[in-house]
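Only one structure is covered here, and it is reproduced in the block below.
The values are calculated or read from the model by the stated rules, or taken from the named source; none is laboratory data. These numbers were taken from a predicted model, which means no experiment stands behind them. Neighbour counts are summed over all protein chains in view; Cβ atoms, including those assigned to glycine, are modelled from backbone coordinates with ideal geometry. Note: areas computed on protein heavy atoms with side chains; ligands, DNA, RNA excluded. Shrake-Rupley method; radii C 1.70, N 1.55, O 1.52, S 1.80 Å.
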Amino acid sequence: MPVPVSLRSVAIGYGSTAVVKDFDLEIAAGEFLVLLGPSGCGKSTLLNAIAGLSDLSDGEIWIGERNVTWADPKDRGIGMVFQSYALYPNMNVEKNLSFGLQVAGMAKDEIARRVKRTAAILQLEPYLQRRPAALSGGQRQRVAIGRALVRDVDIFLFDEPLSNLDAKLRTELRVEIKKLHQELGSTMIYVTHDQVEAMTLADRIAIMRDGVIQQLASPREIYHRPANLFVAGFIGSPAMNLVSGALVPKAGKTFFRSELGTFELPQSAPQSAEERAVIAGLRPEQIVLGTASGLPGFAAKVSVIEAMGPDTILWCEAESGVFSLRMPGDFAGAVGDSVTLGLDLANASYFDSASGKRL
Amino acid sequence: MRDPFPATARGQRPQRLTTARIGLYAFLLIAALFFLLPAYVMIVTSFKSMGEIRSAQIFSLPQMLDWSYWLEAWSSACAGVNCNGVSVGFWNSVKITVPATILSVLLGAVTGYALSFWKPPGSKLLFAAITIGGFIPLQIFLFPMVRATAALGLYNSLAGIVLVHVVFGLPLTTLLFRNYYAAIPVELFKAARVDGAGFWRIFYALMLPLSLPMLVVAGLMQMTGIWNDFLLGLVFAGRDNLPMTVQLNNIVTTTTGQREYNVHMAATVLTALVPLVAYFVSGRWFVRGITAGSVKG
Ligand SMILES: Nc1ncnc2c1ncn2[C@@H]1O[C@H](COP(=O)(O)OP(=O)(O)OP(=O)(O)O)[C@@H](O)[C@H]1O
Ligand SMILES: [Mg+2]
């Protein structure tokens with residue numbers, strides 16, 4: 001049965017330094033929540049606290065109807081997959097899977113049944129008698145997931161489970177985790193600093209910085225409507241193109257004035273009654289090539305072409321800086337070409353220059 | 001300078017005997033001789049008759065392999081008025097060394113484990129105190145320890161001498177195990193906690209099997225130390241439990257009649273034999289990557 005998790009004004013620190021302060025987070029039953037953020041922002045710290053592996057200095061943690069703030073890890077109904085796998089090196093795969101069940105005093109035949117089922121789901125049957133040392137990285141990873149799976153927990157905690165795998169294996173296991181979530185419907189909290197993982201897996205993403213949530217929203221919302229400059233810069237590859245300028249009101253309309261020129265903003269873009277400094281953020285796909293689109297444009301020169309396969313990233317140098325554009329995979333062009341770039345100002349994001357907050 | 005890129009280079013690099021290498025071998029040879037020569041003299045002497053010994057050719061081989069002095073050393077050499085050889089001391093030493101080694105190693109493993117993973121409040125201070133305690137010469141504790149064992153009614157008893165060895169061994173074994181466990185990834189411990197295991201379960205199902213190499217090393221160090229101990233055995237064991245070292249000393253220093261060098265040498269070799277054998281037997285346990293495969297590789 002999926003259960004909700006609730007963190008209420010949680011504070012966690014090591015010694016005198018507070019890593020997380022006054023932290024609130026409500027995770028719905030059955031939700032797949034991804035904690036995303038740069039290294040050292042407190043993701044693992046938070047996950048350890050939810051697991052009961054480290055103490056809070058303040059606040060409460062609720063799992064379902066129970067206040068588990070002071071509960072032991074084993075009483076919280078959680079399974080955890082560690083960044084470093086943490087398989088028991090002295091036990092074979094079967095023992096690794098069954099250890100938790102044995103500790104819980106489960107009957108032998110029930111243990112065997114569960115291990116069999118888990119091994120089948122994760123395709124681990126051929127390796128049951130092997131020690132972790134004799135497994136490949138992907139197999140170890142699956143054992144680590146199996147160890148949480150076998151116990152039929154309500155909540156799964158994943159701490160960067162795929163971070164040390166090669167790209168192919170990562171994609172495969174990412175899909176497997178997604179499938180697993182769809183089948184089990186359990187609540188899952190997943191830590192990563194890989195934005196592709198975050199975007200593809202999450203129901204909601206919590207983007208963190210220095211122990212503070214910057215934005216908590218669906219992947220789509222986070223990508224298209226970043227709440228501030230930090231989120232805008234953190235999500236998306238290549239990063240959002242930023243143009244500083246000002247919103248200028250004139251004759252009932254609002255204009256965006258920058259080194260690139262002064263452009264009239266459509267009604268769907270933020271309006272302003274007085275002049276204010278802003279930064280406009282445009283995704284690479286919000287800049288188009290050529291003047292045919294009728295969008296306001298400016299001149300630039302192609303400086304680098306990166307063919308990614310399905311699409312091509314174009315880096316263009318203008319007088320006021322470098323812009324990245326996303327072009328189709330079959331884009332034909334050469335470095336040094338003179339081009340005109342058009343800005344899709346209607347769909348761009350606008351941030352206050354001083355606070356960095358979205359307008 | 002030698003040419004670092006000879007045009008003929010191909011396949012295995014030829015071994016060259018440099019001066020540094022010759023020096024190194026010479027040093028190792030001398031070091032080996034330094035330790036082996038006395039052992040050699042002792043062993044050959046233990047087979048020689050007193051007549052042969054008196055001829056003062058200490059490096060010469062014995063004329064025949066006569067085991068009778070070994071037999072005498074084992075079962076009938078005299079220490080004062082008791083003529084039972086070192087055999088009584090041998091069994092006393094076994095009775096002291098076996099429990100004291102096992103207890104001090106296991107207790108050290110438990111305390112090291114607790115300090116490394118459970119980090120009770122004040123564990124840093126505790127560990128510092130233990131470390132410092134390990135470096136204070138034990139003579140300082142001798143008198144308080146006598147009073148303490150007497151108060152417990154354990155002075156001059158087998159249990160008493162075992163207790164004393166365990167207490168004096170604990171700082172070292174705790175230190176060894178704490179540092180050994182500090183190198184084990186803490187996620188392993190966390191995973192076991194999430195799996196529901198408690199203090200003792202994690203210890204015997206996970207940490208103890210992982211510490212096999214340290215158990216062997218610590219066991220060996222403790223065994224050698226306790227077997228070779230003289231002072232504590234003399235002070236705490238009591239007349240009936242005197243360890244082999246003390247009895248060896250009593251035999252060698254007994255001054256009735258002539259000094260039977262052959263018997264004394266045999267008795268000494270017998271006393272040294274146990275740690276020696278232990279080292280030979282356990283050598284292969286030393287180098288072993290037991291944690292291989294626990295983390296990403
Ligand atoms: N045992 C510790 N003692 C003191 N400070 C710590 C300890 N563990 C973590 N920290 C600090 O707490 C902060 C958050 O650490 P945490 O491990 O939660 O980061 P993270 O978001 O998981 O980073 P990463 O993505 O690199 O895993 C970091 O600044 C780190 O230096
Ligand atoms: Mg982390």
Region A:209-224-region A:180-206 distance, computed between alpha-carbon centres (Å): 14
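Let me confirm one metric for peptide A:72-84, namely the mean number of other chain beta-carbon atoms within 10 Å of its residues' beta-carbons. Before the final figure, lay out the partial values.
Working: counts 4, 8, 6, 1, 1, 0, 1, 3, 6, 2, 8, 3, 8.
Counting other chains' Cβ atoms within 10 Å and averaging over A:72-84 gives 4.
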Most positive-pole-ward Cα, B:61, B:278, B:177, against dipole of chain B from beta carbon charges: B:177
Rounded to the nearest 10 Å², the accessible area of residue A:183 at probe 1.4 Å: 130
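To the nearest 20 debye, what charge dipole does chain A have about its Cα centre, counting +1 at the Cβ of each Lys and Arg and -1 at the Cβ of each Asp and Glu? Mind showing how you got there, number by number?
Numbers: 36 positive and 40 negative charges, 176 e Å.
About 840 debye.
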On Cα atoms only, tilt of A:108-121 relative to the major axis of chain A in degrees: 30
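Using the Kirkwood radius over Cα pairs, work out the Stokes-Einstein diffusion coefficient for region A:272-359 at 4 °C and 1.567 mPa s, in µm²/s as a whole number. Write out the running numbers ahead of the final one.
Details: Rh = 14.1 Å.
So the translational diffusion coefficient is about 92 µm²/s.
Quick one: which of A:108/B:95; A:108/B:190; A:179/A:357 span more than 31 angstrom between C-alpha atoms? All intermediate terms of the calculation are to be shown ahead of the outcome.
Numbers: A:108/B:95 41 Å; A:108/B:190 25 Å; A:179/A:357 36 Å.
With Cα atoms farther than 31 Å apart: A:108/B:95; A:179/A:357.
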Calculated FRET value between residue A:355 and residue A:55, using beta carbons and R₀ = 35 Å, to 0.05: 0.50
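Please compute the length gained on full extension between residue A:237 and residue A:1, using 0.36 nm multiplied by the number of residues separating them and subtracting their Cα-Cα distance. Intermediate results must be reported in sequence, preceding the final value.
Values: separation 236, 0.36 × 236 = 84.96 nm, distance 3.71 nm.
My answer for the length gained is 81.2 nm.
In deg cm²/dmol and to the nearest 500, what is the mean residue ellipticity at 222 nm of chain B if only DSSP H runs of at least 4 residues count, each as -39500 (n - 2.57), divided by the residue total?
Computed ellipticity for chain B at 222 nm equals -20500 deg cm²/dmol.
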Solvent-accessible ranking of B:227, B:118, largest area first, probe 1.4 Å: B:118, B:227
Label-point gap, in nm, between residue A:212 and residue B:49 - each point 7 angstrom along Cα→Cβ: 9.8
Positive-pole candidate from A:286, A:19, A:260, dipole of the protein assembly as shown, charges at beta carbon: A:19
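In debye, nearest 20, what is the charge dipole magnitude of region A:159-235 about its Cα centre with +1 on Lys and Arg Cβ and -1 on Asp and Glu Cβ, if you could check?
Working: 9 positive and 11 negative charges, 56 e Å.
Approximately 260 debye in magnitude.
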The protein assembly as shown: radius of gyration over Cα atoms, expressed as a fraction of 2.2 N^0.38 Å: 1.43
Residue A:22 paired with residue B:3, simple spin-label distance in nm, labels 7 Å along Cα-to-beta-carbon: 7.6
Per-pair calculated FRET efficiency, R0 = 51 Å: residue A:123 and residue A:257 via Cβ, rounded to 0.05: 0.30
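Hydropathy at least -0.5 by Kyte-Doolittle, axial extent at least 15 angstrom from the Cα trace: which helices of chain B, defined as entire DSSP H runs, fit? Walk me through the intermediate numbers first.
On the way: long enough: B:19-47 (41 Å, 1.91); B:87-113 (38 Å, 1.14); B:123-135 (18 Å, 1.51); B:139-151 (19 Å, 1.16); B:158-182 (35 Å, 1.43); B:212-228 (24 Å, 1.22); B:261-282 (32 Å, 1.42).
Length and hydropathy pass: B:19-47, B:87-113, B:123-135, B:139-151, B:158-182, B:212-228, B:261-282.
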Over chain A, relative contact order from alpha-carbon pairs under 8 Å, at least 6 apart, %: 15
Straight-distance crosslink candidates among aspartates and glutamates, where the alpha carbon sits under 19 Å from residue A:21 and sequence neighbours closer than 8 are dropped: A:55, A:58, A:60, A:210
Computed E for residue B:87/residue B:183 - FRET, C-beta separation, R0 60 angstrom, nearest 0.05: 0.90
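If you put +1 on each Lys and Arg Cβ and -1 on each Asp and Glu Cβ, how big is the dipole of the protein assembly as shown around its Cα centre, in Debye rounded to 20?
Details: 56 positive and 49 negative charges, 343 e Å.
With Lys and Arg at +1 and Asp and Glu at -1, about 1640 debye.
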Solvent accessible area, Å² - residue A:327, 1.4 Å probe, full protein context: 20
Whole-angstrom gap from region B:1-42 to region A:268-340, using each part's C-alpha centre: 68
Solvent-accessible surface ranking, highest first, for B:253, B:8 at 1.4 angstrom: B:8, B:253
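Can you give the extra length, in nm with one decimal, that the chain gains between residue B:277 and residue B:258 once fully stretched, where that is 0.36 nm per residue apart less the Cα-Cα distance? Write down the numbers at each step before the final one.
Details: separation 19, 0.36 × 19 = 6.84 nm, distance 3.17 nm.
Extending this stretch completely gives an extra 3.7 nm.
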Between region A:235-255 and region B:87-164, the alpha-carbon center distance in angstrom: 74
Mean Cβ neighbour count within 10 Å, used as a protection proxy, ranking A:303-313, B:170-180 highest first: B:170-180, A:303-313
Summed side-chain charge close to residue A:324 - residues other than residue A:324 whose Cβ falls under 13 Å, Lys, Arg +1, Asp, Glu -1: -2
Positive dipole terminus of the protein assembly as shown, leading residue within B:245, A:81, B:203 (C-beta point charges): B:245
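Treat chain A as a sphere of radius equal to its Kirkwood radius over Cα pairs and apply Stokes-Einstein at 4 °C in a medium of 1.567 mPa s; give the translational diffusion coefficient in µm²/s, rounded to a whole number.
Values: Rh = 23.1 Å.
Estimated diffusion coefficient is 56 µm²/s.
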Solvent-accessible area of residue A:253 with every protein chain in place, 1.4 Å probe, in Å² to the nearest 10: 90
Whole-percent carbon and sulfur share, accessible surface of region A:197-351, 1.4 Å: 51
Chain A: calculated mean residue ellipticity at 222 nm from DSSP helix runs of at least 4, using -39500 (n - 2.57): -7000 deg cm²/dmol
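Could you order the peptides A:122-128, B:150-156 from most to least packed, using the average number of other C-beta atoms within 10 Å per residue? Walk me through the numbers before you get to the answer.
Details: A:122-128: 16.1, B:150-156: 13.9.
Going from most to least packed, we get A:122-128, B:150-156.
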³J(HN,Hα), Karplus 6.51/-1.76/1.60, whole Hz, each residue of region A:155-167, x for Gly, Pro: 10, 9, 10, 10, 10, 6, x, 10, 5, 10, 9, 6, 4
Chain B: C-alpha gyration tensor shape, a/c 1.5 cut-off, then a/b vs b/c: oblate
